[in-house]
Structures are given as C-alpha cells and as structure tokens.
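None of the figures in this text is laboratory data; all of them are computed from the coordinates on show. What you see is a predicted model, and the numbers here were worked out from it, not measured in a lab. Neighbour counts are summed over all protein chains in view; Cβ atoms, including those assigned to glycine, are modelled from backbone coordinates with ideal geometry.
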Amino acid sequence: MSDGYFNCIVTSPPYWGLRDYGVEGQIGAETTVDEYIADLVLLFREARRTLSDDGTLWLNIGDSYTSGGRTWRDADSKNKGRAMGYRAPTPEGLKPKDLIGIPWKLAFALQADGWYLRTDIIWNKPNCQPESVKDRPTRSHEYVFLFSKSEKYYYNWQAVMEPASSLKQESKNRRTVWNITTEPYLGSHFAVYPRALVRLCVIAGSREKGRVLDPFFGTGTTGVVCNELNRDCVGIELNAEYAGLARERLLKGC
C-alpha cells in the first residue's frame, strides 16, 4: 500500500485470549499481553504509514480477564464461539480473576508510538450477552478509541450530531457514550461488530468517495457500511473462511 492512501481506518482486532480463529500466528493468541500489545503496535504503525496526514483511526477493543490457570474453555450454549483449545497463562503481576485493562494498555502504547489519542468512547450494549458470574456486574460495554495521525485532522462533527433533550435545540455534539445494540450474525464468525457502530465512525472520519481501511476485516462489516455510504474500502483478513464470508456479504449488500 502506498503512503497516505487511506483517509480513515475503522477496525476491531481480535481481543486477547478470547477467541481461537484457527490460524497459526493469529493476533490475540499470544502467550503474554505484552506480546499482544507489541504485535498491534507494529501493525498499526504500518497502517499509519498508509494513512493520510489528516486521517483518523477508529479502534474498537474489548477487555479480558485472566484465565485463572485454566488451559482451555468449554463451549457455551449462548455463545458457541467461547470454546477454546488454549488459554494463555495468567500475566505476570496479575492474579486469577483480574480484569487486565487491555484497552487502555493498547491505547497508551499506540499513543507512545506516535498516534494522537483524541478520545475514548464507551460502546454501551443495551442487549449485551448475559454472563453467569455472580461476583461482579455483567460487562455491557466495550471501548472505541479515536486516534489521529496528526494534530489537525478530518472530523465531521456535524454529520454525527445526536438528538438534544432540550426544547431549545434539535441536536447537540455527539457524546462519548454510544448506546448501540449488537447485531446477530448467522455465519461462523462470533465477534461481528454492528453496522450502526461502524457507520458513525465512517461518517465522522471520511468524506464521500473517501478510502477506508480495515486490517481486521472479519466478515466484512466495514466494507458493507462503506458501500452503503459511497466509500471505497480495503479489507485485510487472515482467515480464508472469513474472507469468503465477507465476499458473500459484500455481493449481497447485507
């Protein structure tokens, strides 16, 4: 890819230790959190090279808990994608059942590598998946981080304004908590982010006919949204099966 080719990057990398996508060398299956963060920093450093000077990166990332010494995870009737044949050991310095804090570890690492960390966004999921835990609240949110390549960058704030509760105004600048329901996907990919989430990022981060990159394409949600919004999209996917599913979705437009 040539330097400065893309106007915007919208993506959601595999979360550490949560899925096994069956591909050797897959990101997310590293033995340690530090290795996972380092791999993503290198990847996004190269992605930044392909980004225009006024470009932005919209990064959706969720957190993980330590495995507590378990080396595998059984299937869940409510989430078949939870089954895993490997579990990374508890990271050094952490305890069993600790929340790791991966989103902020990654955000600070990317910031240190040269990205401008502009804001964190809470993606609140009103229809979040139930959890069987009884010793903490059910997690119902993930993070979306907005990074920019330069101090000044393209951000169409007017296009993503939200309704105002005041009778004196119809809309207001979008806040940092986005209430967006998850979307079911009938294919074999179990971590598909919703089109409504992607749509806000693409609209705010790119102009019509702009170029968008998703280096973790999955089943092609970013591409489907870009087609709807008249943007060009390039998707990169390691898993051949998911790449095939993405091509099918793009052809069907759904």
For segment 173-178, Karplus-derived ³J(HN,Hα) couplings (6.51, -1.76, 1.60; θ = phi - 60°; whole Hz; x for glycine and proline) come out as 4, 4, 7, 9, 10, 10
Roughly what % antiparallel, to the nearest 5, for the DSSP beta bridges in the chain?
60 percent
Set the Förster distance to 22 Å, then compute FRET efficiency between Ala38 and Ile122 from the Cβ-Cβ distance, nearest 0.05.
0.25
Would you please name the GluC sites (Glu not before Pro) within segment 118-199 that are DSSP coil residues with at most 11 other C-beta atoms within 10 Å of their C-beta?
Glu151, Glu170
If exposed means chymotrypsin sites (Phe, Trp or Tyr not before Pro) lying in a DSSP loop and surrounded by at most 13 other beta carbons within 10 Å, then the longest stretch of the chain lacking such sites spans residues 87-254
Sparse-neighbourhood loop sites, GluC sites (Glu not before Pro) in segment 7-60 - DSSP loop, at most 11 other Cβ within 10 angstrom
Glu24
Around Gly210, which amide H atoms from residues at least 5 apart in sequence, or from another chain, sit under 5 Å from its own amide H, with H modelled in the peptide plane?
Asp232
List the cysteines of the chain that have no other Cys Cβ closer than 4.7 Å: which are they?
Cys8, Cys128, Cys201, Cys254
